[in-house]
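Student: Mind looking over this structure? Questions follow.
The values are calculated or read from the model by the stated rules, or taken from the named source; none is laboratory data. A quick note: this is a predicted structure, and the numbers were derived from the prediction, not measured. Neighbour counts run over all protein chains shown; Cβ positions are idealised from the backbone, glycine included.
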Amino acid sequence: MTREEKGVLIEELYQKFSDNSNFYITDASRMSVAQTTALRRLCFEKGIEFKVFKNSLIQKALLRMDADYAPFDEKVLKGFSGIMFSAQDANAPAKLIKEFRKKSGINYPLLKGASIDTDLFIGEESLDMLVSLKSKAELIGEVIGLLQSPAKNVISGLKGAGGKLAGILKTLSEREN
C-alpha cells in the first residue's frame, strides 16, 4: 500500500470518527469466515457499519481528533481491530454484540474499547454497562414523563375529588328533602 493510499484511508477513517461520535473497537480474530459474514449481515440489518482497519491507521486517524484517545494506544489498538460505527444509538453495537453471541453460541466478537461521545470505555467488562446505556431519545422521554407525572396526579386528584364532592353534596341534598 502506497503512502498516498494510506493517507486516503486515514482521511476516510477520520471522517467516519468525526461523523459518528459512537464507535466500538472489537476483536473478531477467532471467528470463522461464516461467523464473520453472519456478524456483518447482522450489523447491516441493524444499521451499524462494521469495517476492519490496521491499528496504525486507526491510531493516526484518532490523533487528528479533538478528544484524547491515548488510552486506546496501549490497550485497545493491539491485534485484530474491527470498528462498529453507530450514528444513532450509543448502545446499539453493544446490544448487537450480545445478540450475536447469543445466536451464534460463541463468545466473540470481543469488545476491546468504545467511544461514546468521546467518553472512553476499555475492555470486555464494559459491555454489560454499555448495553444498559439509554439513548438520547429514551432519556428525553423519561424526563418528559417525569415532568408530566405531577401535573397528571394533580388533575386526576381534582377530578376524582370533584366527583366525590359532587356525589356527597347530591346525597346530602337528597336527605334533607
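Student: Kindly check whether there is at least one residue in segment 120-140 that is farther than 27 Å from Gly82 by Cβ, of a type in the set (Ser, Thr, Tyr) and at pLDDT below 85.
Tutor: no
Student: Would you be able to tell me the number of residues in segment 31-54 that are aromatic (Phe, Trp, Tyr) and at pLDDT 90 or above?
Tutor: 2
Student: Follow-up question, since we're still on this one. Can you go through Gln35, Gln59 and tell me which one is in a helix (DSSP H, G or I) and farther than 20 Å from Asp119 by Cβ?
Tutor: The unique qualifying residue is Gln35.
Student: Can you tell me which residue within segment 3-30, out of those that are aromatic (Phe, Trp, Tyr) and either touching a Leu at 6+ places or on another chain (Cβ under 8 Å) or in a helix (DSSP H, G or I) (or both), is surrounded by the most Cβ atoms within 10 Å (Cβ to Cβ)?
Tutor: Tyr24
Student: I want to confirm something. Restricting to segment 60-76 and keeping residues that are surrounded by fewer than 19 Cβ atoms within 10 Å (Cβ to Cβ) and of a type outside the set (Asp, Glu), which single residue is nearest to Tyr108 (Cα to Cα)?
Tutor: Lys75
Student: I'd like the residue in segment 54-86 that is among the hydroxyl-bearing types (Ser, Thr, Tyr) and under 21 Å from the mean Cα position of the chain (by Cα) and, out of all such residues, is nearest to Lys6 (Cα to Cα).
Tutor: Result: Ser81.
Student: Something else: Whether any residue in segment 29-47 is of a type in the set (Lys, Arg) and out of contact with any Phe, Trp or Tyr (no Cβ under 8 Å at 6 or more places or on another chain) is what I want to check.
Tutor: yes
Student: Taking segment 11-30, which residues are more than 22 Å from the chain's Cα centre (by Cα) and modelled with pLDDT of 90 or more?
Tutor: Hits for segment 11-30 are Glu11, Glu12.
Student: Just to be sure I understand the filter: pairs with C-beta atoms under 8 Å, separated by 6 or more residues or on different chains, first member in segment 118-135 and farther than 21 Å from Ser18 by Cα, second member surrounded by 12 or more Cβ atoms within 10 Å (Cβ to Cβ) and among the polar types (S, T, N, Q). Which pairs pass?
Tutor: Val131/Asn91; Ser132/Asn91; Leu133/Asn91; Lys134/Asn91
Student: Is it the case that some residue within segment 94-111 is of a type in the set (S, T, N, Q), within 24 Å of Ala67 (Cβ to Cβ), surrounded by fewer than 19 Cβ atoms within 10 Å (Cβ to Cβ) and assigned by TED's automatic domain parsing to the domain that holds Ile58?
Tutor: no
Student: Could you figure out which of (1) modelled with pLDDT of 90 or more; (2) not in a helix (DSSP H, G or I) isn't true of Phe80?
Tutor: Here Phe80 meets the rest and fails (1).
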